[in-house]
Amino acid sequence: MNEIFHSVKLIEENCRGCTKCMIKCPVEAVRIKNSRAVIYADRCIDCGECIRVCHYNAHVAQQDSLESIKGYRIKVAIPSITIYTQFGAYVEPGFINMAIESLGFDEVYDMTYACDIVSEIIKKEIVNTPKPAISSFCPGIVRLIQTSYPELIEHVVKVLTPIEVAASLIREKFLNSGFRNEDIGIFYLTPCVARIAKESNSNFDQRGEINGAIAISDIYTKLLKFISKNSELKDYYQKKISFTGLSWAYVGGQSRSMGFKEYIGVDGVENVIKVLDDIENGKFKEVEFVEVFACTEGCLGGILLVDNPFNARRIIRKYYNKNGYASNTENIVDKYKEQFTANYESNKNNSHKFADDFSSAVIKMKEMNRLHNMLPGIDCGQCGSPSCRAFAEDVVRGLSSEEDCKMIINGGEKDEG
Ligand code: SF4
Ligand code: SF4
């Protein structure tokens with residue numbers, strides 16, 4: 001198994017031990033040890049919720065600066081499709097791409113086209129995938145499935161994300177024009193931290209490599225300046241933008257672009273967990289496709305965006321109303337299908353497994369249940385674990401000690417001090 005790169009890091013000295021991140025982390029990846037937060041890397045899915053809730057900037061996303069593009073002869077930006085919704089009012093995507101280019105890029109690669117390619121592959125691949133098929137688009141959720149629902153990995157459609165597809169196509173273009181691989185710097189303009197982690201963990205070959213991820217919020221002011229200064233160009237229309245591809249940014253948009261009728265769209269990690277639990281219990285076999293997003297309102301709710309996600313959705317509707325709803329993917333499927341297959345199995349890592357052999361795992365599970373039954377079940381968090389169940393598990397794993405629970409020490413009396 002590859003070592004997982006995490007984009008969410010902790011600056012220990014900033015932490016005040018307030019427990020907010022521990023309480024809010026949807027996968028119980030945070031503990032408080034010696035009055036400071038600790039992230040359990042094998043559980044973290046890089047959803048960024050801890051960044052959202054920490055008032056002391058103790059959780060941060062590791063990302064690249066615009067400066068880092070200077071290290072390459074050819075500088076390419078792949079903007080997330082969400083960027084076209086961030087300017088509060090209708091601005092032609094072609095004009096936004098022009099603004100991005102002005103930051104020093106030689107080319108801005110349109111990802112809507114790559115979304116259309118992936119849509120076409122999914123439409124073919126879905127017949128080989130157990131129902132319901134699960135979208136591989138949100139890297140946070142793919143990681144959640146790999147760590148907590150390994151039996152569901154076979155439901156995840158085996159196709160690369162549009163970002164990887166876009167990177168592969170643009171790199172191929174420059175390689176064919178005689179540039180060396182190391183000359184080509186491809187940067188994803190990202191709305192969320194999970195994407196930073198995913199692109200760094202990509203097990204795709206060198207062609208799909210992303211050299212860096214730049215937060216949209218970091219370049220937003222510069223883009224806004226260009227847009228305001230050059231407002232006479234605001235109707236600049238770029239014909240190749242696909243509006244079916246653009247719909248991948250919101251919940252239900254992927255299914256709509258592929259014409260699926262029986263689908264579920266779900267956002268927010270807690271909600272996704274409920275749906276994955278149901279799928280694990282054999283539900284939704286009649287559903288063709290499940291779209292899952294870690295962020296509320298899908299990618300439009302990404303933590304590195306600027307505008308309100310609900311307003312962003314309104315802007316997308318404006319695009320459709322003005323430009324129609326058509327894709328541009330004729331004759332591409334056979335050429336790309338083999339090239340863009342993904343193997344999500346390779347990063348499988350069940351963080352809930354107690355031991356590799358069955359009998360040791362059963363013994364530890366019994367021990368955990370015994371301890372859990374002794375605990376008060378009020379999830380007070382004083383032990384530094386997010387719930388009594390998590391605490392019992394931590395003790396069995398050797399990560400905490402029974403004495404960390406004040407209730408056990410006090411013989412069942414809650415420590416009010
Ligand atoms: S939210 Fe977490 S990281 Fe931030 S101060 Fe509180 S305990 Fe520390
Ligand atoms: S990024 Fe998400 S999963 Fe990781 S520690 Fe923060 S809240 Fe938990």
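Here is how the numbers come out for the structure above:
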item	result
Under 5 Å, built H, 5+ apart or other chain: amide partners of K337	none
Radius of gyration and maximum dimension Dmax of the chain, Cα, Å	22.8, 74
Convex hull projection area averaged over all views, region 356-417, Cα basis, nm²	4.1
Under 5 Å, built H, 5+ apart or other chain: amide partners of G212	I186, Y188
Most mobile of V395, V118, V272 in a GNM of the chain (Cα contacts under 10 Å)	V395
Proxy reagent accessibility, fewest Cβ within 10 Å first, across L300, L399	L399, L300
Too-long pairs where the Cα-Cα distance tops 25 Å, listed order kept, from K283/K318; K33/K406; K24/K353; K158/K274; K70/K337; K9/K364	K283/K318; K70/K337; K9/K364
Amide hydrogen neighbours beyond the local backbone of S385, cut-off 5 Å, H modeled	I32
Share, in percent, of DSSP beta bridges within the chain that are antiparallel, nearest 5	25
Most mobile of V53, V306, V30 in a GNM of the chain (Cα contacts under 10 Å)	V53
In degrees, nearest ten, helix 111-125 long axis to first principal axis of the chain (Cα)	70
Dipole of region 356-417, positive direction: furthest Cα of M374, S359, F391, with charges on the beta-carbon	S359
In order through region 131-148: 3J(HN,Hα) via Karplus (6.51 cos²θ - 1.76 cosθ + 1.60), integer Hz, x for Gly, Pro	7, x, 6, 10, 5, 9, 5, 8, x, x, 6, 4, 5, 4, 5, 5, 8, 10
Simple label model, 7 Å out from Cα along Cβ direction - N321 to M365, nm	5.5
Shape call, region 11-144: gyration tensor on alpha carbons, a/c limit 1.5	oblate
Net dipole in debye of region 1-62 [+1 Lys, Arg Cβ; -1 Asp, Glu Cβ; about Cα centre; nearest 20]	280
Fluctuation leader among N34, N97, N323 - the chain, Gaussian network, Cα springs under 10 angstrom	N34
Burial ordering of S68, S401, S136, fewest other beta-carbon atoms within 10 Å first	S401, S68, S136
The chain, helix-only ellipticity at 222 nm - DSSP H runs n ≥ 4, -39,500 (n - 2.57), divided by all residues, nearest 500	-10500 deg cm²/dmol
3J(HN,Hα) from dihedral phi, region 383-389, Karplus parametrisation 6.51/-1.76/1.60, rounded to Hz, x for glycine, proline	6, x, 10, x, 8, 4, 5
Ranked list, fewest to most other Cβ atoms within 10 Å of each Cβ, for V193, V275, V251, V127	V127, V275, V251, V193
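Just so you know, all these numbers are worked out from the coordinates, no wet-lab data involved. Quick caveat, the model's predicted, so the values are computed rather than measured. A quick note on method: Cβ atoms are made from the backbone with ideal geometry, for glycine too, and the neighbour counts reach across all protein chains shown.
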